[in-house]
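Nothing in this text is a laboratory measurement; each read-out follows from the coordinates by a stated rule. Fair warning: this is a prediction, and the values are worked out from it, not measured in the lab.
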C-alpha cells in the first residue's frame, strides 16, 4: 500500500514536466528574447533585401526601425523592387512614405491566430492585412515569413505594398477637366478661427480682442469639414464622380429647389453645386455587388447606382471611387419626406414648468414612443420642433396623433376632445423664450380634432399645406386652442410636392 502511494505521488509530480501548454509554445515561437539581430541589422545583412536596405539609407529612414519600438516589417525583395517608379525613388518625401507603408507598430507574425484587419502603417495609411492566409489587400503574397528580431518580426515578401492616395489626395491631384472634381478643389482655401489665434491687443473703443490672424488661419475645405472628411485614413468611403453631362443634368434638375433669399450672401451657383455634390459619397468601401441598386449617402439620401454605368474605378487607401456615366437621381429621392417624431429630444416646450410633458411608451407608435403635453398651464401651450432643411416647393403635412387617455391625465374631463394645429415659426436664438419663436405663417387652416382614440385604428391625417419660397431651415410648433389644452403627437410627416 505504501509503495502504491509513492508511485502515485511520483506520477503526479511528473505531470507538470511531461506536458507543455500549446499557447506557451506559440508565444515562445515569436519571442524576441531569442533573437540576436535588430530589424535593421536583418535588412542590411540579407542579400535579397539589399535594394530595400539602400532605399532606407537613401531616405534616411533608419529611425523607423529603432531598437526600442516593437514593429512588423513587410520587406519587399530585390525582384519586387526592380520596377519601382522613379516618381517614388526620385522624391524624398514619397520614398519615405513608401518605406513607412511597409512598417507598422506591434508584432504581426504569420499565424492562424492572426485575423484580417486594417493595419495602420507608419505613414498613417490603412492596409488590409490577413497574416493567417498571408494576404495583403486581398491578394496572396509569397516570401519568407516570421524572421524574429530583437525589436519585432520581418516578412520578406515578393511584392510591394502599393502606396495609394486617399480619396481626397486623389481628387486634389486629379488633372482639371471634370466639373465635379474641379468644383471640390475650388472650395479649398483658408479660414480664420479666432479660438486658435493669438490675442495681441484689445481695441480701445470696443474692448474686443485684436488677433494675430496668421496664428488663427487654417487650411479649409467646406466639403471636407462639413460633409465628409475624405482625408481620414481611419474611415472608409465610396465616392461617386459624375461625368460632366451627368453633373450638369443634376444641377439643372435641382436648381429651382435650392433658391436662396436676397438677404443670403452666399454665391448661388457655388451653393447649388455644393448641394448636388454632398450626396455623392457614402460610408464604407463598397463593391458594385454590395450596392444593391442604390447607395445610401452620408446624408441618408438613396442615390441610384448601376454597375453598368461605371466608366472608371479607382482604389484609394480609404475607399473606392467610381466614375459614373449616368445617375438618374430623382426629385423624390433628393428631397424625401421628413419625419419629425413627437418625442424628439430637441423640442422646446412653452411654458416650461415641472409638470405637463412626458414621453409615452406605445408599441404601435412610430419608434414605439409618442409625446403628450398635458397640464402645461399655457394659454395656449405649444411644442416647438426643428424639422430641418426644406426645398423651395410646396409641402403637404400629415400627422398621427392619438388621444387614448380621454383628453387629459389630470382632473376629470373624460369627454374632452383635443384640438391642435401646425404653424410655421421663426427661430430668434438671441430672444428670450417667450418671444424666441414668433408665428410666421399658419399651416393648418384651423384647429383640428384629434379623433383617433387608439393606435390600433389610428391613421395619418392631413393637417395642412405650405409653399416654401426658399431653401430654408424649417421650424414649426404644435399649438392648442386655449388655456391648459392638451397636445399630443406621434409624428409629423412633411411631404414635398413636385408639380
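May I ask for the Kirkwood hydrodynamic radius of the stretch 20-159, worked out over all distinct Cα pairs and given in angstroms to one decimal? Let's see the in-between values first.
Working: mean 1/r = 0.0651 Å⁻¹.
By the Kirkwood definition, the hydrodynamic radius is 15.4 Å.
Once a ≥ b ≥ c are taken as the square roots of the eigenvalues of the Cα gyration tensor of the stretch 146-228, is the result rounded (a/c under 1.5), prolate (a/b larger than b/c) or oblate (a/b not larger than b/c)?
Working: a/c = 5.05, a/b = 1.71, b/c = 2.96.
Cα axes put the stretch 146-228 in the oblate bin.
For the stretch 79-166, what is the convex hull volume of its Cα atoms per residue in Å³? Kindly include the intermediate steps, with their values, before the conclusion.
Values: hull volume 9.3 nm³, N = 88.
Per-residue hull volume (Cα only) is 105 Å³.
Over the stretch 167-334, what is the relative contact order in whole percent, taking alpha-carbon pairs under 8 Å and six or more residues apart? The partial results should precede the final answer.
Working: 255 pairs, mean separation 39.1, N = 168.
Contact order relative to length: 23 percent.
Could you give me the radius of gyration and the Dmax of the stretch 298-339, taking only the C-alpha atoms into account and expressing both in angstrom?
12.9, 37
Using alpha carbons only, how many degrees (0 to 90, rounded to 10) separate the axis of helix 268-277 from the longest principal axis of the chain?
60 degrees
When only Cα pairs under 8 Å and 6 or more residues apart are kept, what is the percent relative contact order across the chain?
Numbers: 974 pairs, mean separation 56.0, N = 499.
After rounding, I find 11 percent.
Quick check: Cα centre of the stretch 117-162 to Cα centre of the stretch 32-106, how many Å?
About 13 Å separates the Cα centre of the stretch 117-162 from the one of the stretch 32-106.
Over the alpha carbons of the stretch 279-322, what is the largest minus smallest coordinate on each principal axis, giving the biggest first in Å?
Sorted from largest, the Cα extents of the stretch 279-322 read 23, 23, 15 Å.
I'm checking a number: the convex hull volume of the Cα atoms of the chain, normalised per residue, in Å³. What is it? Intermediate results must be reported in sequence, preceding the final value.
Numbers: hull volume 161.8 nm³, N = 499.
Cα-based convex hull of the chain, divided per residue, equals 324 Å³.
Just how many % of Cα pairs in the stretch 284-378 lie over 24 Å apart, if you round to the nearest whole percent?
Details: 2279 of 4465 pairs.
Considering the stretch 284-378, 51 percent of its Cα-Cα pairs are separated by more than 24 Å.
To one decimal place, what orientation-averaged projected area in nm² is obtained for the convex hull of the Cα set of the stretch 226-277?
Numbers: hull surface 18.9 nm².
Over all viewing directions, the stretch 226-277 projects a mean Cα-hull area of 4.7 nm².
In square nanometres and to one decimal, what's the mean projected area of the convex hull around the Cα atoms of the stretch 338-497?
Values: hull surface 36.1 nm².
Convex hull of Cα atoms, orientation-averaged projection: 9.0 nm².
For helix 2-18, report the angle its Cα long axis makes with the longest principal axis of the Cα atoms of the chain; keep it between 0 and 90° and round to the nearest 10°.
Its long axis makes an angle of about 80 degrees.
Using the alpha-carbon atoms, what tilt in degrees (0 to 90, nearest 10) does helix 244-254 show relative to the longest principal axis of the chain?
So the inclination is approximately 30 degrees.
Would you mind estimating how fast the stretch 123-280 diffuses translationally, via Stokes-Einstein at 10 °C and 1.306 mPa s with the Kirkwood radius over Cα pairs, in µm²/s?
After rounding, the answer is 78 µm²/s.
Just from its helices, what would the mean residue ellipticity at 222 nm be for the chain, if runs of 4 or more DSSP H residues each count -39500 (n - 2.57) and the sum is divided by every residue, rounded to the nearest 500 deg cm²/dmol?
Values: 13 runs with 102 residues, N = 499.
Helix-only estimate at 222 nm: -5500 deg cm²/dmol.
How high is the relative contact order of the stretch 276-326, in percent, counting Cα pairs under 8 Å that sit 6 or more residues apart? Walk me through the numbers before you get to the answer.
Values: 64 pairs, mean separation 14.7, N = 51.
Contact order relative to length: 29 percent.
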